[in-house]
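Bear in mind these aren't lab numbers, they're just calculated from the coordinates by the rules spelled out. Bear in mind that the values here come from a model prediction, so they are computed numbers and not experimental data. Neighbour counts are summed over all protein chains in view; Cβ atoms, including those assigned to glycine, are modelled from backbone coordinates with ideal geometry.
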């Protein structure tokens, strides 16, 4: 669920800390209380908003260090990336790009897609990673939009990966549903997408109290899902580590809400309609004809060969698992 509460008008901000008077002690943005006081005044922050300033990290911009600032109020949060000069005198809010590299390379490198639920064609030009919450109504709308349109419009050029990012403070049954979805996925990849469609469709009637019963009732009608094994997996939270790993990955990418999409690394952290999403995908397909620096056919992904495990050839295509019609 998207709830943005901090609007920062400038995309690039450069300012000098401290006054110019000779007798005025020089302030340093490397001093966290000093920087916090400055930013609270600059952005006119509500006193109830908390601010967490991370330790400086090496920056790609010579003479500067990267400093991340997280502002939060209850379950809502927003992260702002700053750069502070090594003498602490100047602060820069901007992005640094290498013209010889994909502008979204940092996020592409953080996105892990191996062993994740997916539909589409291996080796696709465009890879979409969706971070979603089964209890989020906006996620339901986006999921249904993707299932209806994505593979119909791009049968071979796009591959979609689905990752759960339950917002526990807002949605009490979102994480148990995420754990259950991974339990289903362990048994059968195609059944995961049936679960995906079913849980979103039944979102309004699902509660923390009836979730497990509804899931097991759904599973009993499917030959490819062992309901007894599924129930044991849910009870022991056997897949919770997988869900927690996805949550940590989302946080490392600065995901603050759902739904959030990454399209060849390009972050879309708001709801988007199909015409605008299609335009972005069309542009990416055209761009990658010459750039060849993203997608699964770019030769930029390294996968671990596990000793002792037979290496299987990747199938030419995966089952598309179309959404079931009501």
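Round to a whole angstrom and tell me the spacing of the C-alpha centers of segment 56-106 and segment 208-238.
Here the two parts' Cα centres lie 44 Å apart.
Fewest first, what order do 66, 235, 31 take by the number of other Cβ atoms within 10 Å?
The fewest-first ordering by Cβ neighbours comes to 235, 31, 66.
Express in nm, to one decimal, how much length is gained between residue 186 and residue 278 on full extension, taking 0.36 nm for each residue of separation and deducting their alpha carbon distance. It would help to have the intermediate numbers written out before the result.
Numbers: separation 92, 0.36 × 92 = 33.12 nm, distance 3.13 nm.
Contour length minus Cα-Cα distance gives 30.0 nm.
Multiply the residue gap between residue 60 and residue 48 by 0.36 nm, knock off their C-alpha separation, and tell me the result in nm, one decimal place. Mind dumping the intermediate values first?
Working: separation 12, 0.36 × 12 = 4.32 nm, distance 3.36 nm.
Net length gain for the segment: 1.0 nm.
Want the number for residue 226 to residue 287: 0.36 nm per residue separation, take away the alpha-carbon distance, what's left? Numbers along the way, then the final one.
Details: separation 61, 0.36 × 61 = 21.96 nm, distance 4.45 nm.
Full extension of this stretch gives 17.5 nm more.
If each residue's Cβ is checked for other Cβ atoms within 10 Å, how do 64, 115 rank with the fewest at the top?
Working: 64 20, 115 8.
Starting with the residue having the fewest Cβ neighbours, the order is 115, 64.
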